[in-house]
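Asker: Just dropping this structure here.
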Amino acid sequence: MEQKPDTFRSYAVRAALIILTFLVTSCGTDSNDSEEIDGFRDGILNEIRDLLSDDMINSIENELGMPIHRGANPPDFFAFYEEEIAVGGLTVEKAPQLLHRSTVASDQERNEPGTPWADRTFRFSNQDLENYTVRFETRATQTDNEPVISERAFIIGQENRFTIFAYVENERDEGVVKSIRMFSGILTDDGISEPYNSTFMIDNSGIRGIIPSGTGRSFVDGKGISLLAEWPAGKTADKDFKSHPYGCDESCDQQ
């Protein structure tokens, strides 16, 4: 009779362990299957998370104030605009382009939020809804420099809201510069409202004149909307533009 309580407790412990094991295993299976099937975690495509760590994403959202429109149903640019979209892709211009935030040390004393930078044109083409990819191009509107191009950028979002992540590698004599160019906004009939774009440095290979690894800049459109535009053929910069103190690319460090 004295052993019954111990026996009962033993059975109770075993039963509790079996139930706990079942619950843990079930929860883990559901989580892993969902992530594998959907290809997303917290609304961000896994391929994007392969490029950016959680700390980098937090810095982009919180320190740079760059909105990331999460979701697995980004808008179809070409279905939205139909005949209004120009041949070659959806093209918009940010003018004036203003600095929103920066984590670059050299900006803290010279570039306040609202500082004007060179107007910039963006073009998005070859959107693949199934693979969440799009071709990304951007260039300073008034210069004849070569555009920044990513043949396989990723796009996420929901309804009319979207965010594009364009991974860019630039080979230099000193090494390879790896960065992410981003663009977020909301499709409207006239263009993209609440447009934000940013440059975030993944690895600058220690090259002087490039913003440090783990830092970046974000920008807004002074009008609050980036209007539909034509892709610039390339203009020769005039004297006033050449003397503009902020005429360099968003990835350069103005030390």
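Asker: Rank SER213, LEU51, SER198 by how far each Cα sits towards the positive end of the charge dipole of region 46-242 (+1 on Lys, Arg Cβ; -1 on Asp, Glu Cβ) and give me just the farthest.
Answerer: After comparing all options, I get SER213.
Asker: Determine, from the Cβ-Cβ distance of ARG208 and ASP76 and an R0 of 30 Å, the FRET efficiency 1/(1 + (r/R0)^6), rounded to the nearest 0.05.
Answerer: Result of the calculation: an efficiency of 0.10.
Asker: Continuing with the same structure: So for region 106-178, Kirkwood radius off the Cα pairs, Stokes-Einstein at 10 °C and 1.306 mPa s: how many µm² s⁻¹?
Answerer: Using the Kirkwood radius from Cα pairs, D works out to 108 µm²/s.
Asker: Dipole of region 62-169 (Lys/Arg Cβ +1, Asp/Glu Cβ -1, origin at the Cα centre): which of GLN108, PHE122, PHE154 lies farthest to the positive side?
Answerer: Comparing the listed Cα positions along the dipole, GLN108 ranks first.
Asker: So who's got an amide H within less than 5 Å of the one on THR143, skipping anything under 5 residues away but keeping other chains? H placed 1.01 Å off N, in plane.
Answerer: LYS235
Asker: Give me D for region 46-242 in µm² s⁻¹, whole number, from Stokes-Einstein with Rh from the Kirkwood sum over alpha-carbon pairs, 37 °C and 0.692 mPa s.
Answerer: 192 µm²/s
Where a number appears in this text, it was derived from the coordinates with a stated rule and is not lab data. What you are looking at is a predicted structure, and each value in this text was computed from that prediction instead of being measured. A quick note on method: Cβ atoms are made from the backbone with ideal geometry, for glycine too, and the neighbour counts reach across all protein chains shown.
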